[in-house]
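Colleague: The structure's right below; bear with me while I get my questions together.
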Amino acid sequence: MKSAGITRWTKAALAMATALFATAAWANPEAWQMTMPEGVTQSSHEVYNLFLISFWVCVGIGIVVYGVMVIAMIRFRKSKGAVAEKWSHNAKLETIWTIIPVLILAGLAWPASGVLTKMADTTDSAMTIKVTGYQWLWRYDYIDYMGKQVDKVGFVSRLAKSSNLARQLDSSHSPWDVKSKSGYHTYLLNVDKPLVLPVGVKIRFLITGGDVIHSWWVPDLGWKMDAIPGIVNAAWTEIKKPGIYRGQCAELCGKDHSAMPIVVKAVPKAQFNRWLAAHESDATLDKVSRTAKAPDGKAKTAGHQG
Amino acid sequence: MAHAATIDHHEDHGAPKGFVRRWLMSTNHKDIGTMYLIFSCTMFFIGGTFAMLIRGELFEPGLQLMQPVFFNELTTMHGLIMIFGAIMPAFVGLGNWMIPMMVGAGDMALPRMNNWSFWLLPVAFIVLLSTFLLPSGAPAGGWTMYPPLTLQMGDTVAFLIFFVHIAGISSIMGAINIIATILNMRAPGMDLLKMPIFVWSWLITAFLLLAVLPVLAGAVTMLLTDKYFGTSFFNAAGGGDPVMYQHIFWFFGHPEVYIMILPAFGIVSEIVPTFSRKPLFGYKAMVYALACIAFLSFMVWAHHMFTVGLPVGAELFFMYATMLIAVPTGVKIFNWVATMWRGSLSFETPMLFALAFVVLFTLGGFSGIMLALVPADFQYQDTYFVVAHFHYVLVTGSAFAIMAAVYYWLPKWSGNMYSERMGKIHFWISVISVNVLYFPQHFLGLAGMPRRIPDYNVAFADFNMISSIGGFVFGAAQLLLVYNVIHCVYFARKRATERVWEGAHGLEWTVPSPAPHHTFAMPPVIEDSQLAHGDTTH
């Protein structure tokens, strides 16, 4: 861990220098990452652009305000013999710095409203996934795909064993040793069964909670949505690029809030069709055992079966 | 001078003798103000200790110090204690001390109620802190107490709700007292639009408190009946709605945010002109901006809930309303900068803290504008980006303003000058470490680290370690504040003058230092040149 630490720190300087201004997107969180991932959907690109625009607008205002402050602090020091003037208002100036911010804010609100309206529109989706948050795992049910009802494909997705071992208090397993096959550090970001989704399909998510409020968040998709018991929220995505996208529960949900990650495995359409077909036939064979498999062994409310 | 007569008559009856009569039974605004400030400082260190434990656990990935449940107890209690125990009582303490002296009143309008509002606070916090000893542990559902999670907590919930009620009654009575004092006890000639900005900021804050604390009391009472009396206000299985709690809570919670920042605006608006030796720029605009922010604060609550699945129309409305708040807030920032322009600046400790406030509160405002954009908030919500944002406005905002106020008025309270050198050391260590602490948290949030987690992916390790180091230094540096105050009160040899600061204006600087136990038993004659904002032409 020590030597790994040193290499990490040496890499850091390079990463830091590029991170702030880099336009490259990370698929998953990386050490020294300083900015939002650009993501893999149209919406996530637009959200990323909003982030960049608002960031640079703030930098611009900051340069002006802090610049004037610094000049004042240098030029008008008593120790340098500055004598205070007596004026205390200026109607013209005050009007100007009321109106200019209004214009800047309107300039920010305009694109944001457009992106929001698009992100809220779940119509014309070709697929529906139901997501249910439980303490402390996610359940995914495939409801329909390309206009056809999916025949009982659903499963729970919980923290992978390797992470679970390493996350215990005084564990002998190091979080640094939890890695994917490609060598990516997946501690607390890996699951036993990922949510498999096709690329290039508009997917509608119906999101709800089974016990307390959770929040379903994959940064690369560009949004999070709360999973609330008694309420079904809708959201959508259309993933452009195959890959593995990791996220976490984002609403405090109790003891293991940090241990219910989300992993989306986006695959080409043909591959997804095969995957779905295989699971549909499994489901018909295995109907009884599937319905009996309640997560966590707890009694479930009616909402769970859906 | 008017005050001369006041003091001649009243030096003879000073503070009552004996601990119980002087403090437990106190009706004196200065003594009660002192007790509020000591209480606030105590809570600041208790809440701060929790923060140190939190940063200790987050120092490295993996769990080293505690189980996740205890971590959740710490984050919940840290929030409750810092908000209700440290920040709010500090402002009430400052208001108690300064408002009567600033408006030329003999004391607060309702001195006995003043005593009661203070002494309810230790009771409330004993109730809250005692939950650590309960079998069910301290509350661990976050300071926002969202159901259904909070209702899973066991009997600690009853203690939590009782705490909110007692602390709420205390704050409501404090607010009533401040409104009564400001509206009824001003010396003749102290017109509303001649009052110091600090008094204005407190008048508006007090109305916010009156308006929203009963709402919080209502929300938690519904939690109580849901838990113990079988109601289903927030229980979906019984026809209730967990989101309704969030609407009610944030209808309190957003004005609460301004309750914690408006008095800070007031303090900075006193300090910047004093050390710029120039009148406050745009006094009236400053008052209207305060009122405008307070008004808007009732219409933006749902920006804390952009991801609960609101209809698009609601999200658009709350986005626009939230962005609108940036306008009056901007006016305040521009006016502070304009106050400095062509002034004659000196940089004593209160000014340093006030300038750090302007810079760093503005930084928190920038992330606030970024958070207001709903689609982007879908990414930021519930991440460390939000944690960074509200700690910039609450620590480098509210807490820095409180520290500025303590250094600014301490010579008036104690009659001694604090050590400028030690004050500056405290300032520079604090301002550097606080940025090491909070700035990297922006990056963590953007990279995808959720808030309220005791453990995280190793990608977040480096910035968390930096943040924790900053946190430990910042926490330790606050011991210097205690040292500086104790040293000033008991050991400093340099006596303070009446005026204390060359550029100070306002009635509080016309009474001796230390301020006698009773001031303005006879209303002072207001001379316009003495007005705090130092300008009478508007």
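The values are calculated or read from the model by the stated rules, or taken from the named source; none is laboratory data. On a predicted model such as this, the values are computed, not experimentally measured, just so you know. Cβ sites come from the backbone with ideal geometry, for glycine too, and all protein chains shown count toward neighbours. These area figures cover heavy atoms from the full protein model, side chains too; ligands, DNA and RNA do not enter into them. Shrake-Rupley method; radii C 1.70, N 1.55, O 1.52, S 1.80 Å.
Colleague: For residue A:236, what residues show an amide H to amide H distance below 5 Å, using hydrogens built from the backbone and excluding near sequence neighbours?
Modeller: Those qualifying (amide H under 5 Å, at least 5 residues apart or on another chain) are A:205.
Colleague: Hey, can you list the residues from segment B:266-300 whose accessible area shrinks by 10 Å² or more with all protein chains present, relative to the chain by itself (probe 1.4 Å, no ligands or nucleic acids)?
Modeller: By number: B:277, B:278, B:279, B:281, B:282, B:285.
Colleague: Show B:270, B:527 ordered by accessible area, largest first, where the area counts protein heavy atoms only and the probe is 1.4 Å. All intermediate terms of the calculation are to be shown ahead of the outcome.
Modeller: Working: B:270 10, B:527 80 Å².
My answer, sorted largest first, is B:527, B:270.
Colleague: In µm²/s, what is D for segment B:349-449 at 37 °C and 0.692 mPa s, where D = kT/(6 pi eta Rh) by Stokes-Einstein and Rh is the Kirkwood radius from Cα pairs?
Modeller: Details: Rh = 14.5 Å.
For the chosen part, D equals 226 µm²/s.
Colleague: Further question on the same structure: Using θ = phi - 60° and the Karplus form 6.51 cos²θ - 1.76 cosθ + 1.60, what ³J(HN,Hα) does each residue of segment A:138-147 get, whole Hz, x for Gly and Pro?
Modeller: 10, 10, 10, 10, 8, 8, 8, 8, 6, x
Colleague: Further question: For chain B, with only Lys/Arg (+1) and Asp/Glu (-1) charged at the beta-carbon, what is the dipole magnitude about the Cα centre, in debye rounded to 20? Write out the running numbers ahead of the final one.
Modeller: Numbers: 23 positive and 27 negative charges, 180 e Å.
Roughly 860 debye, rounded to the nearest 20.
Colleague: Between the chain alone and the structure with every protein chain in place, find the residues of segment B:320-353 that drop at least 40 Å² of accessible area; heavy atoms, 1.4 Å probe.
Modeller: Buried-area filter returns B:323, B:327, B:334, B:337, B:340, B:341, B:342, B:344, B:345, B:347.
Colleague: What longest range of chain B stays clear of loop-exposed trypsin sites (Lys or Arg not before Pro) (DSSP non-H/G/I/E/B, at most 10 other C-beta within 10 angstrom)?
Modeller: Values: sites that count: B:17, B:493.
In chain B, the maximal stretch lacking such sites is B:18-492.
Colleague: If you take every DSSP beta bridge whose two residues both sit in segment A:101-246, what share of them, in percent to the nearest 5, is antiparallel?
Modeller: On the way: 27 of 34 bridges.
Antiparallel bridges make up about 80 percent of those DSSP assigns within segment A:101-246.
Colleague: Hey, another quick one. Please list 3J(HN,Hα) in residue order for segment A:149-156, calculated via the Karplus relation 6.51 cos²θ - 1.76 cosθ + 1.60 where θ = phi - 60°; whole Hz, with x for glycine and proline.
Modeller: 5, 8, 8, 6, 10, x, 7, 9
Colleague: If you don't mind, there's one more thing I want to ask. With every atom except the alpha carbons ignored, what do you get for Rg and Dmax of segment B:92-230, in angstroms?
Modeller: Just the Cα atoms of segment B:92-230 yield Rg and Dmax of 18.2, 59 Å.
Colleague: For segment A:207-221, in order, what is each residue's ³J(HN,Hα) by Karplus, 6.51 cos²θ - 1.76 cosθ + 1.60 with θ = phi - 60°, in whole Hz (x at glycine and Pro)?
Modeller: 10, 8, x, x, 9, 10, 7, 10, 9, 8, 9, 10, x, 5, 8
Colleague: Also, I was wondering about something else. From the gyration tensor of the Cα coordinates in segment B:168-216, what semi-axes in whole Å does the equivalent ellipsoid have, largest first, with each one equal to sqrt(5λ)?
Modeller: Numbers: eigenvalues 104, 22, 9 Å².
In descending order, the three semi-axes are 23, 11, 7 Å.
Colleague: At what distance in angstrom do the alpha carbon centres of segment A:103-133 and segment B:244-321 lie from each other?
Modeller: 26
Colleague: For segment B:215-349, what is the accessible area per residue in Å² when the probe is 1.4 Å?
Modeller: Values: 3610 Å² over 135 residues.
The answer is 27 Å² per residue.
Colleague: Efficiency by 1/(1 + (r/R0)^6): what FRET value for residue B:469 and residue B:20, r their Cβ-Cβ distance, R0 = 45 Å, to the nearest 0.05? Write down the numbers at each step before the final one.
Modeller: Details: r = 45 Å, r/R0 = 1.01.
FRET efficiency, residue B:469 to residue B:20: 0.50.
Colleague: Hey, any idea what Rg/Rh is for segment A:38-128, computing Rh the Kirkwood way over Cα pairs? Can you show the working numbers first?
Modeller: Numbers: Rg = 21.5 Å, Rh = 17.3 Å.
Result for segment A:38-128 is an Rg/Rh of 1.25.
Colleague: How large is the translational diffusion coefficient of segment B:347-401 in µm² per second when you combine the Kirkwood radius over alpha carbon pairs with Stokes-Einstein at 20 °C and 1.002 mPa s? Please report the intermediate quantities before stating the final value.
Modeller: On the way: Rh = 11.6 Å.
Value of D from the Cα-based Kirkwood radius: 185 µm²/s.
Colleague: Whole number please: convex hull volume per residue of the Cα set in the protein assembly as shown, in Å³?
Modeller: About 160 Å³ per residue, rounded to a whole number.
Colleague: Amide H to amide H, which residues 5 or more places from residue A:196 or on other chains are under 5 Å from it, using H placed in the peptide plane?
Modeller: For residue A:196, the qualifying residues are A:265.
Colleague: Order of B:457-467, B:316-326 by packing, highest average Cβ count within 10 Å first?
Modeller: Working: B:457-467: 23.2, B:316-326: 20.7.
Averaged packing, sorted descending, gives the order B:457-467, B:316-326.
Colleague: Per 5 Å bin, what percent of the C-alpha pairs of segment A:146-237 does each bin hold, from zero upward?
Modeller: Whole-percent P(r) values from 0 Å outward: 3, 11, 14, 20, 19, 16, 10, 5, 2, 0, 0.
Colleague: Another one. List the residues of segment B:342-361 whose backbone N lies under 13 Å from a point placed 7 Å from the Cα of residue A:87 along the Cα-to-Cβ direction.
Modeller: Within reach of a label on residue A:87, which here means backbone N under 13 Å from a point 7 Å along Cα→Cβ, segment B:342-361 contributes B:342-343.
Colleague: Same structure again: Obtain the nm distance between the two label points defined at residue B:244 and residue A:168 by a simple spin-label model: each point lies 7 Å from its Cα along the Cα-to-C-beta direction.
Modeller: In this crude spin-label approximation the distance works out to 4.4 nm.
Colleague: Binned at 20 Å from 0, what are the whole-percent values of the Cα-Cα distance distribution for chain B, short to long?
Modeller: In order of increasing distance, the bins hold 22, 57, 20, 1 percent.
Colleague: Which value, in Å², gives the accessible area per residue of segment A:163-208 when a 1.4 Å probe is used on the protein heavy atoms?
Modeller: Computed with neighbouring chains in place, this is 43 Å² per residue.
Colleague: Evaluate 2.2 N^0.38 Å with N set to the residue count of segment B:298-397, then give the Cα radius of gyration divided by it. Provide the component values of the computation, followed by the final result.
Modeller: Details: Rg = 16.0 Å, N = 100, 2.2 N^0.38 = 12.7 Å.
Taking N as the residue count of segment B:298-397, the ratio is 1.27.
Colleague: Is the shape of segment B:298-342 best called rounded, prolate or oblate, per the rule: a/c under 1.5 gives rounded, else a/b larger than b/c gives prolate, else oblate, with a ≥ b ≥ c the square roots of the Cα gyration tensor eigenvalues? Please list the in-between numbers first.
Modeller: Details: a/c = 4.93, a/b = 3.99, b/c = 1.24.
Prolate is the answer for segment B:298-342, as a/c is 1.5 or above and a/b outweighs b/c.
Colleague: So, with a 1.4 angstrom probe, what is the percent of accessible area on the protein assembly as shown that is carbon and sulfur? Could you put the intermediate results ahead of the total?
Modeller: Numbers: 20690 of 30960 Å².
Using a 1.4 Å probe with all protein chains present, the protein assembly as shown comes out at 67 percent carbon and sulfur.
Colleague: Let me ask something additional. Only helical DSSP H runs with n ≥ 4 go in: add -39500 (n - 2.57) per run for chain B, normalise by residue count and round the 222 nm mean residue ellipticity to 500 deg cm²/dmol. Let's see the in-between values first.
Modeller: Values: 17 runs with 333 residues, N = 538.
Only helices count here, giving -21000 deg cm²/dmol.
Colleague: Using the Cα centre of segment B:425-510 as origin and beta-carbon charges of +1 (Lys, Arg) and -1 (Asp, Glu), tell me which of B:496, B:431, B:461 is placed farthest towards the positive end of the dipole.
Modeller: Result: B:496.
Colleague: If you don't mind, another one. With +1 on each Lys and Arg Cβ and -1 on each Asp and Glu Cβ, and nothing else charged, work out how big the dipole of the protein assembly as shown is about its Cα centre, in Debye to the nearest 20.
Modeller: Details: 58 positive and 50 negative charges, 257 e Å.
Using Cβ point charges on Lys, Arg, Asp and Glu, the protein assembly as shown gives about 1240 debye.
Colleague: Counting only residues 5 or more places away or on other chains, whose amide H sits under 5 Å from the amide H of residue A:154 once H atoms are built in the peptide plane?
Modeller: A:142
Colleague: Something else: In whole Å, how far is the Cα centre of segment B:14-70 from that of segment B:380-431?
Modeller: 16
Colleague: Ok, one more. Any idea what Rg and Dmax come out to for segment B:395-514 if you just take the C-alpha atoms, in Å?
Modeller: 19.0, 59
Colleague: I would also like to ask the following. Of the listed pairs A:181/A:202; B:30/B:194; A:80/B:332; B:30/B:227, which have alpha-carbon separations greater than 32 Å here? Kindly include the intermediate steps, with their values, before the conclusion.
Modeller: On the way: A:181/A:202 29 Å; B:30/B:194 23 Å; A:80/B:332 27 Å; B:30/B:227 42 Å.
Check vs 32 Å cut-off fails for B:30/B:227.
Colleague: In addition: Between residue A:73 and residue A:106, what FRET efficiency follows from the Cβ-Cβ distance if R0 is 35 Å, with the result rounded to 0.05? Mind dumping the intermediate values first?
Modeller: On the way: r = 32 Å, r/R0 = 0.92.
According to the calculation, E is roughly 0.65.
Colleague: Leaving out ligands, DNA and RNA, calculate the buried accessible area for the pair A and B with a 1.4 Å probe, summed over both sides, in Å² to the nearest 100.
Modeller: Details: alone 18560 and 20740 Å², together 30960 Å².
Looking at A and B, the buried total is near 8300 Å².
Colleague: Hey, what's segment B:51-188 come to in accessible area per residue, 1.4 Å probe, Å²?
Modeller: On the way: 4020 Å² over 138 residues.
It amounts to 29 Å² per residue over segment B:51-188.
Colleague: Then there's this: At residue A:56 and residue A:192, where each label point lies 7 Å from the Cα along Cα→Cβ, what is the point-to-point distance in nanometres?
Modeller: Here the modelled spin labels are 4.8 nm apart.
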